[in-house]
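Below you'll find the structure, written out as structure tokens, and then a few comments.
The values are calculated or read from the model by the stated rules, or taken from the named source; none is laboratory data. Since we're looking at a predicted model, the values are computed, not measured. With ideal geometry, Cβ positions are generated from the backbone for all residues, glycine too; neighbour counts draw on all protein chains shown.
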Amino acid sequence: MTSPTDADVDAESRVRPPVHRWLWYALGGGLPARHRSWVLHDTTTRTWGMRHVARSLVQMAIPSALVLAFVPSGWALRLAVVGGGVFLGLIFSLAYMAETTEHRVIKAGYRPGTAVHLREQAGMAAQRRESERKRAAAAKRADRYRRRAGG
């Protein structure tokens, strides 16, 4: 197991899996070692929450299709059952989002806590950038006020 500062985290070494492997990954399967840095990117990028929801919806697609195809009742009831199942599934999925993504990172060969650590670092950097932007805007407003006030 290696640290998140390894060279394989670089964007150049990131190899996106083909569709069939991504579907396997979305269903909980592991990916080959060449996709290792992509898994880390997938679970730590700015859109990691939306990516998690997309994987969850893929997981729920199979039972939803089976219910729609084989439950012997009207379409209204089938759609209601699928809708309720997807709703509850998403609640459960969102409740365990951090743990699930961390498990994917561990399965890819990183140490436990790697994804959380990288997301926290990215969040702190974003907060720093936002604070600097606000400070610069406040200084600009203060300067404009001083010039208008004749000071």
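What number of residues within the range 34-46 satisfy the criterion of being closer than 18 Å to Ala108 by Cβ and either outside any helix (DSSP H, G or I) or in contact with an Asp or Glu (Cβ under 7 Å, 6 or more places away or on another chain) (or both)?
3
Does Arg55 fit the bill of being closer than 15 Å to Glu102 by Cα, at pLDDT 95 or above, charged (D, E, K, R) and surrounded by 14 or more Cβ atoms within 10 Å (Cβ to Cβ)?
So Arg55 passes the test.
Could you identify the single residue in Thr2, Thr45 that is surrounded by 11 or more Cβ atoms within 10 Å (Cβ to Cβ), touching a Gly at 6+ places or on another chain (Cβ under 8 Å), at pLDDT below 95 and not aromatic (Phe, Trp, Tyr)?
After applying the criteria, what remains is Thr2.
Do we find a residue being over 18 Å from the mean Cα position of the chain (by Cα), among the hydroxyl-bearing types (Ser, Thr, Tyr) and outside any helix (DSSP H, G or I) anywhere in the range 96-119?
Scanning the range 96-119, I find no residue that is over 18 Å from the mean Cα position of the chain (by Cα), among the hydroxyl-bearing types (Ser, Thr, Tyr) and outside any helix (DSSP H, G or I), so the answer is no.
Scan Arg135, Arg55 and give me the residue that is out of contact with any Asp or Glu (no Cβ under 7 Å at 6 or more places or on another chain), among the basic types (Lys, Arg), assigned to a helix (DSSP H, G or I) and closer than 26 Å to Gly28 by Cβ.
That would be Arg55, the only listed residue that is out of contact with any Asp or Glu (no Cβ under 7 Å at 6 or more places or on another chain), among the basic types (Lys, Arg), assigned to a helix (DSSP H, G or I) and closer than 26 Å to Gly28 by Cβ.
Give me a count of the residues in the range 82-98 that are at pLDDT 95 or above and either of a type in the set (Gly, Ala, Ser) or over 16 Å from Ala54 (Cα atoms) (or both).
Number of matching residues: 7.
In the range 85-118, which residues are surrounded by fewer than 14 Cβ atoms within 10 Å (Cβ to Cβ) and among the basic types (Lys, Arg)?
Within the range 85-118, just Arg111 meets the criteria.
Taking the options Gly49, Gly83, name whichever one is in a helix (DSSP H, G or I) and either farther than 13 Å from Thr101 by Cα or hydrophobic (A, V, I, L, M, F, W, C) (or both).
That would be Gly83, the only listed residue that is in a helix (DSSP H, G or I) and either farther than 13 Å from Thr101 by Cα or hydrophobic (A, V, I, L, M, F, W, C) (or both).
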